[in-house]
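Asker: There's a structure below that I have some questions on.
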Amino acid sequence: MNAYLALARASLARQFRYRGANLAGLITNFFFGVIRVSVMVALYNANPAAAPAGYDLAKAVTYLACAQAIIGWVALWGWWDLVRALKGGEVVADLQRPIDFFGLWAAQDFGRAIAQLFLRAIPIMLAFALVYPLVGPADIGQLLIFILSFALAWFLSFTWRFLFSILGFWVTDGTGFARLAIFSATFFTGFLMPLSLFPDALAGVLRWLPFAGMVATPLDVFSNALRGPEALVAVAVQAFWALALYALAQATFTAGVRRLTTQGG
Amino acid sequence: MTQPIIALENLTKTFRVALKPEGRSLPWARTWKTVTAVDAISLAIGRGEVVGYLGPNGAGKSTTIKMMTGILTPTAGTLRVAGRVPWRERRQHVAGIGVVFGQRNTLWWDLPVQESLDLLRHVYRVPPARFAENLTRFRALLDLDEFRFKPARDLSLGQLMRANLAAALMHDPGLLFLDEPTIGLDVVAKDRIRAFIREINRERGVTVLLTTHDLSDIEQLCERVIVIDHGRTRYDGALSELVERYGGDRALQVDFADDYAEVAVEGATLESREGRRAVFRFGRGVTAAALIGRLSERYTLADLTVREPDIEDTLRRMY
């Protein structure tokens, strides 16, 4: 078996051992979702005319349910594994393995994400579907675009987390950078609110940044807010940023290792 | 020595360290000082040797080892390990070495040891048959079955070191770096680890470079020792010769059969006296036999003991 596959599989299995943490996460994500959806419903009922054309309540509710479901998949709010490994010096052991460092961590994070798909994303979507009328991808083409977009969202989020974590090569404690990154991810990804509800100018800018691809794009594709060519363009933007961030991550890593090897840990 | 597996020539490593600004100055104003951790060390280690690498804390041992394992780049000089420049070909290099740092775990913390070993099989692309063979051997030598299915976090320190040793050798490296492998272990655990190191060296011809502060490790494992201090080589040679050359004086303890007012002997100095017991120190120029002869001519002796200086004393004198 391929090393990356083996690493992903071990990491996936490991996630299933933390039953309590998984259950707690699931419940938290679900109930916060209920609050967010309730607020959205109240807003729509209070002023139906203020809603953007074509963006109905069902889409908005679906978007928010998905936003809660995707938390475990992209892990943008609280992923400290690599920050800790750098702070504690365990990274040296990783560097002494004959394997690509980014690949080593990506494989393990992919296993984690797959586990979270089953432990959190799917149960949350099912629970919301019982309580609220949700919409889903309109046809098979839309579904395929969604799957692609959803996969890219993981890759983008991982690459972003990898990037800010390895700033720990330059500072003793990378926790500060990580907090800043979490903060920015919350606002720019469209996690708080659908980008369609942002002012047009702001939404226009955000759609071209790498962050939208981590949360907003797959959610808009799922809820059919982005369709056909529009959806494909959004996925192309994701793919572009995936490549760009990957190149940046590898370059930063190389520089970080050079610093480590010349200046010591 | 045929083609050495490790060859260092004038290997040097300096670090730039920030000094605390003195007096009142801007918080970002820093002055830098260059510290030489390793200062032009040259040495060669042949295949199959077990070499003890000694020196006081801060002597540059770990820095040298980190350069050999590819974690640090030298500032000057050359370094080849198995014909490779470690930091330049890091991935190929690390595939051929094993590394164990005492007190540091390299296994997946929350995975059972066996699963970590399985993962390493994939990471190092060990052929399944070879992996099975190694596993069987290490299970016997390190008694892995005692904890093989427990996660690393649940192991005692001794078990953790045994697991890490197995992990470091699963891919059949020709070279094993051990940085204080017995630190913090009890006597039994230490013995077990030493026996294992001896065994894999004998059985597989694995070259071992070992740093330690426990001199029993050295006495039991190494024929050759390299002593460094302040980044420079102080000694490189046989362990027995180290004590002979730097060991300083031997001691002769004499129990007299009578109470003598004064005891003295040519060629030795009296170090201490208590009742009928006296301790003399004598240098390399005199033999114990000659001293004993002279003493017995003059006094009636009840008992004699000759004490060789031990490595610890020897090193204390060197540092």
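Values in this text are rule-based calculations from the coordinates and carry no lab data. Everything numeric in this text was worked out from a predicted model, so none of it was measured. In this analysis, Cβ positions are derived from the backbone assuming ideal geometry, glycine residues included, and neighbour counts consider all displayed protein chains.
Asker: Please compute the length gained on full extension between B:Asp258 and B:Lys150, using 0.36 nm multiplied by the number of residues separating them and subtracting their Cα-Cα distance. Before the final figure, lay out the partial values.
Answerer: Numbers: separation 108, 0.36 × 108 = 38.88 nm, distance 6.50 nm.
That works out to 32.4 nm of additional length.
Asker: Could you tell me how many cubic angstrom of Cα convex hull volume segment B:140-283 has per residue?
Answerer: Values: hull volume 28.0 nm³, N = 144.
For segment B:140-283, the hull spanned by Cα atoms encloses 194 Å³ per residue.
Asker: Taking each residue of A:14-24 in turn, how many C-beta atoms of other protein chains fall within 10 Å of its C-beta, and what is the average?
Answerer: Values: counts 6, 0, 0, 3, 1, 0, 0, 0, 0, 0, 0.
For peptide A:14-24, the averaged partner shielding equals 1.
Asker: Please list 3J(HN,Hα) in residue order for segment A:218-232, calculated via the Karplus relation 6.51 cos²θ - 1.76 cosθ + 1.60 where θ = phi - 60°; whole Hz, with x for glycine and proline.
Answerer: So the J values, rounded to whole Hz, are x, 5, 5, 6, 4, 8, 6, 6, 10, 10, x, x, 4, 5, 5.
Asker: Hey, in the GNM for chain A with a 10 angstrom Cα cutoff, which one of A:Arg207, A:Arg120, A:Arg17 fluctuates hardest?
Answerer: Between A:Arg207, A:Arg120, A:Arg17, it is A:Arg17 that shows the largest mean-square fluctuation.
Asker: Just to check I understand the Karplus step: with θ = phi - 60° and J = 6.51 cos²θ - 1.76 cosθ + 1.60, what whole-Hz values come out for segment B:175-188, glycine and proline as x?
Answerer: After applying 6.51 cos²θ - 1.76 cosθ + 1.60, I find 9, 10, 9, 10, 9, 6, x, 10, 5, x, 9, 7, 4, 5 Hz.
Asker: Just subtract the alpha-carbon distance of B:Glu9 and B:Arg84 from 0.36 nm times their residue separation and send over the number in nm, one decimal.
Answerer: Working: separation 75, 0.36 × 75 = 27.00 nm, distance 1.39 nm.
Residue separation times 0.36 nm, minus the Cα-Cα distance, leaves 25.6 nm.
Asker: Mind grabbing the base-10 log of I(q)/I(0) for segment A:54-190 at q = 0.09 Å⁻¹? Debye formula, identical points on the C-alpha positions, no solvent, two decimal places.
Answerer: With one equal scatterer per Cα and no solvent, log10 I(q)/I(0) is -0.34.
Asker: So, one more: Have a look at B:Arg47, B:Arg277, B:Arg194 and tell me which one the Gaussian network model of chain B (Cα, springs below 10 Å) gives the largest fluctuation.
Answerer: Checking each option, the largest mean-square fluctuation is seen for B:Arg277.
Asker: Another question, then. What is the Cα convex hull volume of the protein assembly as shown when expressed per residue in Å³? Provide the component values of the computation, followed by the final result.
Answerer: Values: hull volume 130.7 nm³, N = 584.
Convex hull of Cα atoms, per residue: 224 Å³.
Asker: Next question, about the same structure. Along the charge dipole of segment B:74-151, Cβ charges K/R +1 and D/E -1, which of B:Val99, B:Leu79, B:His122 sits furthest on the positive end?
Answerer: B:Leu79
Asker: Along the charge dipole of the protein assembly as shown, which of B:Ala195, B:Ser62, A:Asn29 sits closest to the positive end, that is, farthest toward it, with unit charges on the beta carbon of Lys, Arg, Asp and Glu (+1, +1, -1, -1)?
Answerer: It is A:Asn29.
Asker: If you take all C-alpha pairs in segment A:3-263, what percent of them are over 27 Å apart?
Answerer: On the way: 13115 of 33930 pairs.
In whole percent, the share of Cα-Cα pairs in segment A:3-263 beyond 27 Å is 39.
Asker: Kindly list the residues of segment B:182-206 that lie in the label zone of B:Ala140, defined by a backbone N under 13 Å from the point 7 Å along the Cα-to-C-beta vector.
Answerer: B:200, B:203
Asker: Over chain A, what relative contact order in percent results from Cα pairs under 8 Å that are six or more residues apart? Display every interim value, and only then the final one.
Answerer: Details: 298 pairs, mean separation 69.4, N = 265.
That works out to 26 percent.
Asker: Label segment A:166-210 by shape, choosing from rounded, prolate and oblate, from the square roots a ≥ b ≥ c of the eigenvalues of the Cα gyration tensor; if a/c is under 1.5 it is rounded, and otherwise prolate applies when a/b is larger than b/c, oblate when it is not.
Answerer: Working: a/c = 4.76, a/b = 2.81, b/c = 1.69.
It comes out prolate by the Cα gyration axes.
Asker: Using the crude model of +1 on Lys and Arg Cβ and -1 on Asp and Glu Cβ, and no other charge, please compute the dipole size for segment B:249-318 relative to its Cα centre, in debye to 20. Before the final figure, lay out the partial values.
Answerer: Numbers: 11 positive and 14 negative charges, 46 e Å.
The dipole magnitude comes to about 220 debye.
Asker: In addition: State to the nearest 20 debye the size of the charge dipole of segment A:160-265 about its Cα centre, where the only charges are +1 on K and R beta carbons and -1 on D and E beta carbons. Numbers along the way, then the final one.
Answerer: Working: 6 positive and 4 negative charges, 62 e Å.
So the dipole magnitude of segment A:160-265 works out to roughly 300 debye.
Asker: Continuing with this model, one more query. For B:Glu244 and B:Arg277, FRET efficiency with R0 = 30 Å and r from the beta-carbon atoms, rounded to 0.05?
Answerer: Details: r = 27 Å, r/R0 = 0.90.
The value I calculate is 0.65.
Asker: Given the pairs A:Lys87/B:Lys61; A:Lys87/B:Lys150; B:Lys13/B:Lys61, which are separated by over 18 angstrom at their Cα positions? Walk me through the numbers on the way to the answer.
Answerer: On the way: A:Lys87/B:Lys61 23 Å; A:Lys87/B:Lys150 26 Å; B:Lys13/B:Lys61 11 Å.
Checking Cα-Cα distances, A:Lys87/B:Lys61; A:Lys87/B:Lys150 exceed 18 Å.
Asker: Roughly how crowded by other chains is peptide A:91-102, in terms of the mean Cβ count from those chains within 10 Å of each of its Cβ atoms?
Answerer: Working: counts 1, 7, 8, 1, 6, 15, 9, 12, 7, 1, 2, 0.
Mean shielding by partner chains, rounded to a whole number: 6.
Asker: Mean separation of Cα pairs under 8 Å and 6+ residues apart, divided by the residue count of chain B: what relative contact order is that in percent? Please list the in-between numbers first.
Answerer: Numbers: 573 pairs, mean separation 58.2, N = 319.
This gives 18 percent for chain B.
Asker: Here is a further query. Among B:295-306, A:225-236, B:113-124, how do they line up from the highest to the lowest mean number of other beta-carbon atoms within 10 Å?
Answerer: On the way: B:295-306: 12.8, A:225-236: 17.0, B:113-124: 20.9.
Highest mean packing first, the order is B:113-124, A:225-236, B:295-306.
Asker: So for segment A:219-260, considering every pair of alpha-carbon atoms, how many percent are separated by more than 16 Å? Walk me through the numbers on the way to the answer.
Answerer: Values: 459 of 861 pairs.
Result: 53 percent of Cα pairs exceed 16 Å.
Asker: Relative contact order for segment B:195-267: what percent, with Cα pairs under 8 Å and sequence separation of 6 or more? Present the calculation step by step, with values, prior to reporting the outcome.
Answerer: Numbers: 33 pairs, mean separation 11.3, N = 73.
Relative contact order comes out at 15 percent.
Asker: Calculate how steeply helix B:288-298 sits against the longest principal axis of the alpha-carbon atoms of chain B, using the helix alpha-carbon long axis, and give the answer as 0 to 90 degrees to the nearest 10.
Answerer: 20 degrees
Asker: Something else: How far is it, in nm, from the label point at A:Phe16 to the one at B:Glu266 when both lie 7 Å from their Cα along the line to the Cβ?
Answerer: Between A:Phe16 and B:Glu266, the simple spin-label model gives 8.7 nm.
Asker: Where the only charges are on Cβ atoms (+1 Lys, Arg; -1 Asp, Glu), what is the dipole of chain A about its Cα centre, to the nearest 20 debye? All intermediate terms of the calculation are to be shown ahead of the outcome.
Answerer: Working: 17 positive and 11 negative charges, 129 e Å.
Using Cβ point charges on Lys, Arg, Asp and Glu, chain A gives about 620 debye.
Asker: By how many degrees, between 0 and 90 and to the nearest 10, does the Cα long axis of helix A:101-116 differ from the longest principal axis of chain A?
Answerer: On a 0 to 90 degree scale, this one is about 40.
Asker: What whole-number distance in Å separates the alpha-carbon centres of segment B:120-177 and segment B:219-251?
Answerer: Their Cα centres are 32 Å away from one another.
Asker: Apply 1/(1 + (r/R0)^6) to the Cβ-Cβ distance of B:Thr75 and B:Thr305, taking R0 = 35 Å, and write down the FRET efficiency to the nearest 0.05. Don't jump to the answer; show the numbers that get you there.
Answerer: Working: r = 50 Å, r/R0 = 1.43.
Calculated value: 0.10.
Asker: Report, ordered by chain and residue number, the aspartates and glutamates lying within cross-link reach of A:Lys59, taken as a straight Cα distance under 12 Å and ignoring same-chain residues fewer than 8 apart.
Answerer: By straight Cα distance, A:Lys59 reaches A:Asp220.
Asker: Taking 2.2 N^0.38 Å as the expected size of a compact globular protein, what ratio does the Cα radius of gyration of chain B give against it, to two decimals?
Answerer: Values: Rg = 24.9 Å, N = 319, 2.2 N^0.38 = 19.7 Å.
Compactness ratio reported: 1.27.
Asker: Shielding by partners for B:62-69, please: the mean number of other protein chain Cβ atoms within 10 Å of each residue's Cβ.
Answerer: 1
Asker: Mind checking which of A:Ala234, B:Gly184, A:Phe118 is farthest towards the positive end of the protein assembly as shown's charge dipole, using Cβ charges of +1 (Lys, Arg) and -1 (Asp, Glu) about the Cα centre?
Answerer: Toward the positive end, the furthest listed residue is A:Ala234.
Asker: Which of rounded, prolate, oblate describes segment B:249-318, given a ≥ b ≥ c as roots of the alpha-carbon gyration tensor eigenvalues and a/c under 1.5 marking rounded, otherwise prolate only if a/b is larger than b/c?
Answerer: Values: a/c = 2.30, a/b = 1.74, b/c = 1.32.
Prolate shape, in that a/c is at least 1.5 and a/b is the bigger ratio.
Asker: B:Gly98's amide H: which non-local residues (gap 5+, or another chain) put their own amide H closer than 5 Å, with H modeled 1.01 Å from N in plane and none for Pro or chain starts?
Answerer: The list, which skips near neighbours in sequence, is B:Leu175, B:Leu176, B:Phe177.
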